[in-house]
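Undergrad: Before I ask anything, here is the structure I am working with.
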Amino acid sequence: MNLLKALLMILSMWRPAFCKQAAFARAKELAFACLCACGRKTITSMAIFLGRGHKLPIADYKFYSDYRWNVEDLFNPILSLATQPIESKYICFAADDTKIHKTGKKIPFATWQADPLGPKFQTNLIWALRYLQISILLPLYNSSKSTPARSIPVRFISAPSVKKPGKKGKITEWENYKILSQKHNLSTEISARKTARALFLDGFADKNTVPVAALRGRLQHLKNFLNNKNTQLNTTKHGSRSRSVQKLSCHYEAI
């Protein structure tokens with residue numbers, strides 16, 4: 001199977017996510033345009049690639065602004081295909097934040113953030129949106145010892161940071177900021193949505209399959225959610241990576 005046929009097969013599995021056939025057809029068109037359009041991947045550039053440059057792409061804009069489809073449903077075909085070749089009892093996931101560069105100053109939730117690709121001796125700032133990316137780890141090393149594991153994104157969740165008060169901010173504003181920053185952060189983003197099993201494996205793997213979450217740094221605190229008996233995740237295992245100067249907040253389990 002070549003790359004084009006594989007892409008068409010995955011896009012055809014998007015049909016249950018859309019109520020109307022017209023919306024499904026437009027989604028496939030925009031998916032191809034996003035891959036093939038030149039320059040910045042804006043809605044206008046995608047419309048020009050599709051031959052709609054002679055008029056305003058109002059329908060394309062409404063496809064995103066007035067959407068009624070669930071973003072997670074678009075990742076479900078990838079998750080379904082990725083879990084099929086895994087024969088192990090454990091299915092590994094990795095979670096980390098990622099930043100999407102933006103230029104518009106009126107984009108909701110866009111803020112100045114530290115550039116992760118900047119040099120170590122200088123902290124550069126970028127105007128960006130923050131997302132929580134969750135990827136499934138494919139154990140390709142089982143077929144070839146020289147091949148490392150491959151990570152495939154299966155969830156892309158918006159995780160904006162809380163706006164920090166200015167230097168002249170009132171005491172009440174700083175108190176509210178401290179409270180909101182504890183409630184709305186990367187560690188609580190998953191628990192605010194669903195249980196980890198529902199987020200990852202419901203309908204895609206056997207009930208006896210154990211999800212293994214690989215976390216790092218501040219995401220280590222997700223263990224408090226992963227091991228919460230009220231969320232029915234007492235079988236979820238996790239591991240974390242931290243700097244040597246930090247105290248580990250969770251343990252490693254041999255699997």
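Undergrad: Taking the Cα centre of the stretch 99-177 as the origin, how large is its charge dipole in debye, to the nearest 20, when only Lys and Arg (+1) and Asp and Glu (-1) carry charge on their Cβ atoms? Mind dumping the intermediate values first?
TA: Values: 14 positive and 3 negative charges, 44 e Å.
For this selection, approximately 220 debye.
Undergrad: How many times 2.2 N^0.38 Å is the alpha carbon radius of gyration of the stretch 1-127?
TA: Rounded to two decimals, the normalised Rg is 1.32.
Undergrad: Further, regarding this structure: What full-extension length gain, to one decimal in nm, is calculated for LYS20 and ASP73 as 0.36 nm per residue of separation minus the Cα-Cα distance?
TA: Once the chain is fully extended between LYS20 and ASP73, it gains 17.6 nm.
Undergrad: Right, here's the next one. With +1 on the Cβ of every Lys and Arg and -1 on the Cβ of every Asp and Glu, and nothing else charged, how large is the dipole of the stretch 29-161 about its Cα centre, in debye rounded to the nearest 20?
TA: On the way: 16 positive and 9 negative charges, 80 e Å.
Computed about the Cα centre, the dipole is about 380 debye.
Undergrad: Over the Cα atoms of the stretch 7-53, each weighted equally, I'd like the Debye log10 I(q)/I(0) at q = 0.15 Å⁻¹, rounded to two decimals.
TA: Values returned for q = 0.15 Å⁻¹ are -0.40.
Undergrad: Provide Rg and Dmax in Å for the stretch 79-182, with only Cα atoms included in the calculation.
TA: Expressed in Å, the Cα Rg and Dmax of the stretch 79-182 come to 19.3, 60.
Undergrad: Determine the alpha carbon to alpha carbon distance for each of LYS55/LYS163; LYS20/LYS163; LYS20/LYS41 and list only those over 30 Å. Intermediate values should be presented prior to the final figure.
TA: On the way: LYS55/LYS163 38 Å; LYS20/LYS163 38 Å; LYS20/LYS41 25 Å.
Beyond 30 Å: LYS55/LYS163; LYS20/LYS163.
Undergrad: Which value in nm describes the separation of the simple spin-label points at GLU175 and THR42, placed 7 Å from the Cα toward the beta carbon?
TA: Computed distance between label sites GLU175 and THR42 equals 4.5 nm.
Undergrad: Checking the table LYS99/LYS183; LYS99/LYS164; LYS102/LYS168 against a 23 Å threshold on Cα-Cα, which pairs fail?
TA: On the way: LYS99/LYS183 20 Å; LYS99/LYS164 18 Å; LYS102/LYS168 27 Å.
In this structure, LYS102/LYS168 lie more than 23 Å apart at Cα.
Undergrad: Quick one: MET46, MET13, fewest Cβ neighbours within 10 Å first, how do they rank? Present the calculation step by step, with values, prior to reporting the outcome.
TA: Working: MET46 21, MET13 15.
So the residues, fewest neighbours to most, are MET13, MET46.
A short reminder: the numbers here are calculations on the coordinates, not readings from a lab. What you see is a predicted model; the values in this text were computed from it and never measured. Heads up, the Cβs are rebuilt from the backbone with ideal geometry, glycines too, and the neighbour counts pull from every protein chain shown.
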